[in-house]
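Undergrad: Take this structure, written in structure tokens, and hold onto it; I'll ask about it next.
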Amino acid sequence: MEKTLSIIKPDGVRRGLIGEVIRRLEKAEIEIAAMKMLHMTKKEAEGFYAVHREKPFFGSLTDFMSSGPIVVMVLKGEGVIAKYRKLMGATNYKEADPGTIRADFATDIEKNVVHGSDAPETAAEEIKYFFSELEIVK
Ligand code: IDP
Ligand code: MG
């Protein structure tokens, strides 16, 4: 069964969008297999986004991601990686399809409310970054 990592980013938590994002997951019948809230340090955010360390926005992105609490979730189901990416919308909210989370709520290319893994390999790595096997519903 495919799994993916979802994050409600600090802007989403700050703006009271936890319920709205989870409502959309439930409405789409996406199974939540694990969930917790935490506040990453700058170092932890740098570790999570290590693939982007050469990008010009790396410093700002990791400042943002460590600026407040986040909600991390493991989502499970057939094709859930693509299904959840579709629900999120494009990275740049200006290019995101109408009705997607980012089109409806993002305020900035960086502050785009949610994260979702992009492939099975990255999903496995990202899930391991936050969850032990014991914490994931079987
Ligand atoms: P994704 O979140 O849609 O997978 P990625 O390209 O993996 O997008 O980028 C990770 C995160 O980095 C984005 O969600 C966004 O918060 C931020 N980001 C991406 N591109 C830019 C940019 O051009 N400027 C500022 N921040 C960006
Ligand atoms: Mg990405």
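Conditions tested, residue by residue: (1) more than 16 Å from residue 4 (Cα to Cα); (2) touching a Phe, Trp or Tyr at 6+ places or on another chain (Cβ under 7 Å).
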site	(1), (2)
52	yes, yes
60	yes, no
68	yes, no
86	no, no
101	yes, no
108	yes, no
125	no, no
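Undergrad: So, one more: Among 107, 91, 100, which is free of Cβ contacts under 8 Å to residues at least 24 places away in the same chain, surrounded by fewer than 17 Cβ atoms within 10 Å (Cβ to Cβ), within 13 Å of ligand 1 (Cβ to nearest atom) and of a type in the set (Ser, Thr, Tyr)?
TA: So the residue among 107, 91, 100 that is free of Cβ contacts under 8 Å to residues at least 24 places away in the same chain, surrounded by fewer than 17 Cβ atoms within 10 Å (Cβ to Cβ), within 13 Å of ligand 1 (Cβ to nearest atom) and of a type in the set (Ser, Thr, Tyr) is 91.
Undergrad: Step by step: first the residues of the stretch 42-72, then only those that are closer than 23 Å to residue 133 by Cα and in a loop (DSSP other than H, G, I, E, B), then the one that is nearest to ligand 2 (Cβ to nearest atom). Which residue is that?
TA: Here the residue is 49.
Undergrad: Just for the stretch 38-65: of the residues that are of a type in the set (A, V, I, L, M) and more than 10 Å from ligand 1 (Cβ to nearest atom), which one is surrounded by the fewest Cβ atoms within 10 Å (Cβ to Cβ)?
TA: Once the filter is applied, the top-ranked residue is 38.
Undergrad: Name the single residue that is farthest from ligand 1 (Cβ to nearest atom) among those in the stretch 123-138 being in contact (Cβ under 8 Å) with a residue 12 or more places away in the chain and outside any loop (DSSP other than H, G, I, E, B).
TA: Looking at the filtered set, the residue picked out is 135.
Undergrad: Please specify each residue of the stretch 110-128 satisfying the condition of being within 26 Å of residue 11 (Cβ to Cβ) and surrounded by fewer than 13 Cβ atoms within 10 Å (Cβ to Cβ).
TA: Across the stretch 110-128, the qualifying residues are 119, 128.
Undergrad: When the stretch 23-49 is examined, which residues are found to be hydrophobic (A, V, I, L, M, F, W, C), free of Cβ contacts under 8 Å to residues at least 40 places away in the same chain and farther than 17 Å from residue 110 by Cβ?
TA: Result: 35, 37.
A short reminder: the numbers here are calculations on the coordinates, not readings from a lab. Every value quoted in this text rests on a predicted model; they were computed, and no experiment measured them. Neighbour counts run over all protein chains shown; Cβ positions are idealised from the backbone, glycine included.
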